[in-house]
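The values are calculated or read from the model by the stated rules, or taken from the named source; none is laboratory data. No experiment lies behind these values; they were computed from the predicted model shown. Here the Cβ positions follow ideal geometry from the backbone for every residue, glycine too, while neighbour counts run over all protein chains shown.
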């Protein structure tokens with residue numbers, strides 16, 4: 001133990017000595033990965049949004065976003081809840097949807113070829129006038145089940161898609177509908193997704209903090225600047241006319257982001273409803289987390305870099321400035337800088353190996369300080385600061401998690417670019433994946 005402590009303090013002394021003898025160009029090299037990757041996208045942008053919102057509240061006063069919908073003809077909402085082999089979770093999801101304070105809604109629960117007792121256990125809702133049950137003997141995947149629900153939901157002006165393993169706060173539907181009423185140009189709204197099982201172990205805590213960063217705060221920012229690109233399949237709402245105009249859902253994985261982009265191409269706005277909250281369980285093992293993130297990153301290449309890349313090309317039908325920013329954001333921050341990150345460290349190992357320990361230490365310190373700043377920003381917006389603070393404290397030690405996340409992204413994107421592996425993903429039945437258009 002004493003040897004380890006002595007070695008650590010010797011390492012700190014060496015770092016301080018080396019920094020004191022560096023010129024400006026060498027110091028920039030040490031911090032390069034942080035300055036060009038996480039600084040602009042994840043930190044500076046959120047601080048700018050915070051300053052703007054504080055100034056706006058100071059000038060105009062804080063609006064009551066929880067104001068009950070009154071004095072307006074509120075639209076009818078059809079909630080699509082497809083699921084396969086969810087005998088334990090689907091009843092809980094339906095129960096939470098039945099507790100909604102929104103009056104004009106129906107719930108379409110679709111058993112997509114389950115081989116367990118899902119169909120039997122949801123029968124307890126058969127007599128409820130707000131619930132309609134449907135069963136498919138042969139599974140077709142979530143996209144196919146959602147399209148079936150769209151056809152059957154003849155009354156819904158707003159279509160809400162949910163996961164069958166998720167629970168919803170009592171005002172979730174009321175809040176997710178508000179942007180549609182306020183602005184007829186809104187075509188899709190993303191709800192806020194929080195982690196229900198965050199206290200289970202270290203990986204669930206990391207994911208909970210990640211959700212707060214990337215969804216609760218990240219989508220608030222992209223909605224603010226007009227570049228929001230996904231209404232999650234766990235909780236997303238769409239104007240029915242827009243969904244029908246684009247032909248519904250295409251085959252997943254990543255069908256939620258694909259539908260969102262198709263609706264953006266029609267000229268609709270996509271918004272985030274921060275007070276419309278649901279709770280979902282995240283993978284509780286590193287293997288499960290790896291598989292989930294691998295699937296998400298495949299979809300990133302499949303849709304944003306292939307199918308919808310025309311959104312960023314001037315002169316094309318669907319080009320707009322914000323659409324271009326959306327695609328360039330993915331291309332630069334998710335793709336180019338992912339590869340650059342590893343080239344940077346490989347280059348450091350080859351050309352300046354003596355600086356690698358210093359780079360690792362200083363980058364960790366930069367991430368630690370920046371995470372403290374992001375925690376403060378997140379807590380400013382939070383309506384449950386104590387719980388969020390307990391979750392977000394884990395982000396201070398998430399540096400190895402972030403590195404592993406980039407490894408997954410690098411491997412997944414490379415394989416998708418070379419082999420289009422998303423079309424053989426077990427997320428959908430094999431026959432369905434093979435029959436879809438391979439973008």
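Computed values, structure above
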{"item": "Qualifying residues in segment 128-150 (those that are over 26 Å from the mean Cα position of the chain (by Cα) and modelled with pLDDT of 95 or more) - the one surrounded by the fewest Cβ atoms within 10 Å (Cβ to Cβ)", "result": "129"}
{"item": "Lone qualifier among 229, 237 - being crowded, with 22+ Cβ neighbours inside 10 Å, over 30 Å from residue 431 (Cβ atoms) and in contact with a helix residue (DSSP H, G or I) (Cβ under 6 Å, 6 or more places away or on another chain)", "result": "237"}
{"item": "Scope segment 303-339; condition buried (at least 16 other Cβ atoms within 10 Å of the Cβ) and more than 22 Å from residue 226 (Cα to Cα); matching residues", "result": "337, 338"}
{"item": "Selected residue (only one of 257, 252 is surrounded by fewer than 24 Cβ atoms within 10 Å (Cβ to Cβ), in the same structural domain as residue 176 (by TED's automatic domain parsing) and over 16 Å from residue 185 (Cα atoms))", "result": "257"}
{"item": "Residues satisfying the stated conditions in segment 165-181, i.e. at pLDDT 95 or above and farther than 23 Å from residue 268 by Cβ", "result": "166, 167, 168, 169, 170, 171"}
{"item": "Subset of segment 209-240 (residues that are over 27 Å from residue 199 (Cβ atoms), part of a loop (DSSP other than H, G, I, E, B) and in contact with a strand residue (DSSP E or B) (Cβ under 8 Å, 6 or more places away or on another chain))", "result": "226, 228, 229, 231"}
{"item": "Leading residue by the ranking (farthest from the chain's Cα centre (by Cα)) among those in segment 197-208 that are surrounded by fewer than 20 Cβ atoms within 10 Å (Cβ to Cβ) and part of a helix (DSSP H, G or I)", "result": "202"}
{"item": "Filter pass, residue 243 being touching a strand residue (DSSP E or B) at 6+ places or on another chain (Cβ under 7 Å), buried (at least 22 other Cβ atoms within 10 Å of the Cβ) and not in a helix (DSSP H, G or I)", "result": "no"}
{"item": "Out of 350, 365, sole residue that is in a helix (DSSP H, G or I) and at pLDDT below 85", "result": "365"}
{"item": "Those residues of segment 403-427 which are closer than 20 Å to residue 331 by Cβ, under 20 Å from the mean Cα position of the chain (by Cα) and either in a loop (DSSP other than H, G, I, E, B) or at pLDDT below 90 (or both), in sequence order", "result": "422"}
{"item": "Any hit, segment 273-280, residues being free of Cβ contacts under 8 Å to residues at least 24 places away in the same chain and surrounded by fewer than 24 Cβ atoms within 10 Å (Cβ to Cβ)", "result": "no"}
